[in-house]
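The values are calculated or read from the model by the stated rules, or taken from the named source; none is laboratory data. Please read all numbers here as calculations on a predicted model, not as lab measurements. When we count neighbours, we look across all protein chains shown, and the Cβ atoms used for this are built from the backbone with ideal geometry, even at glycine. These area figures cover heavy atoms from the full protein model, side chains too; ligands, DNA and RNA do not enter into them. Shrake-Rupley method; radii C 1.70, N 1.55, O 1.52, S 1.80 Å.
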Amino acid sequence: MNIAALKQLRNKIKDFTRRQKIELCEKIAKDTAMNLLRRVREKTPSRTGNLRRNWSRSGRQIKNGYQETVFNQTEYAAYVEFGHRKPKNNGWVDGKYMLTKSEKEISDIYQKIAEKQVNKALERLVNDN
């Protein structure tokens with residue numbers, strides 16, 4: 001690569017717009033949420049399939065980026081996640097921690113997810129003539 005090409009690349013990086021940065025944040029957030037959603041569904045116990053089927057995600061733009069939320073609105077989801085007292089004999093049913101475990105796994109690979117999206121954005125920036 002010659003000096004002129006490096007200067008041109010520097011200028012492209014400087015011109016990386018706020019919108020492009022938000023789009024990059026959105027892609028990283030969505031990719032992360034989709035990975036989390038897949039993992040949590042795999043770990044969710046299923047008698048009827050209702051709890052597993054009701055995992056969902058939603059996203060929204062925030063001040064300096066994008067936010068994705070993974071959630072389950074099934075009324076008993078928290079009891080399965082964290083455990084609960086048995087109704088009749090006062091025993092305890094241990095939680096499955098399907099979301100907690102999945103979040104830990106995602107936090108371990110988040111760097112790779114972000115790097116993948118950043119590299120794609122840089123490739124588009126470099127190859128855009």
What's the angle, to the nearest 10 degrees (0 to 90), between helix 98-127's Cα axis and the longest principal axis of the chain?
20
Under 22 Å from the Cα of Lys101 - lysines, other chains or at least 8 residues apart:
Lys30, Lys43, Lys112
Once normalised by the length of region 71-129, the mean sequence separation of its alpha carbon contacts under 8 Å that are 6 or more apart gives a contact order in percent of 21
Using the scaling law 2.2 N^0.38 Å as the reference, what is the normalised Cα Rg of the chain?
1.50
Say a paramagnetic label sat at a point 7 Å from the Cα of Lys63, along Cα to Cβ; which residues of region 22-43 have their backbone N under 20 Å from it?
22-26, 29
For Gln20 and Glu75, FRET efficiency with R0 = 41 Å and r from the beta-carbon atoms, rounded to 0.05?
0.50
Tell me, what is the percent relative contact order of region 2-121, built from C-alpha pairs under 8 Å that lie six or more residues apart?
25
Residues of the chain: accessible area per residue at 1.4 Å, in Å²?
73
Sparsely packed chymotrypsin sites (Phe, Trp or Tyr not before Pro) within region 29-79, loop by DSSP, other Cβ within 10 Å at most 13:
Tyr76
Nearest-ten-degree value, helix 3-14 long axis tilted from longest Cα axis of the chain
40
Over the chain, what percent of the accessible surface lies on carbon and sulfur atoms, probe 1.4 Å?
50
Under a point-charge model restricted to the Cβ atoms of Lys and Arg (+1) and Asp and Glu (-1), what is the dipole moment magnitude of region 78-129 relative to its Cα centre, in debye to the nearest 20?
400
Neighbours of Glu115 by Cβ distance under 13 Å: Lys/Arg at +1, Asp/Glu at -1, summed charge +2
Spin-label point model (7 Å from Cα, Cβ direction): what's the Arg124 to Ile3 distance in nm?
3.2
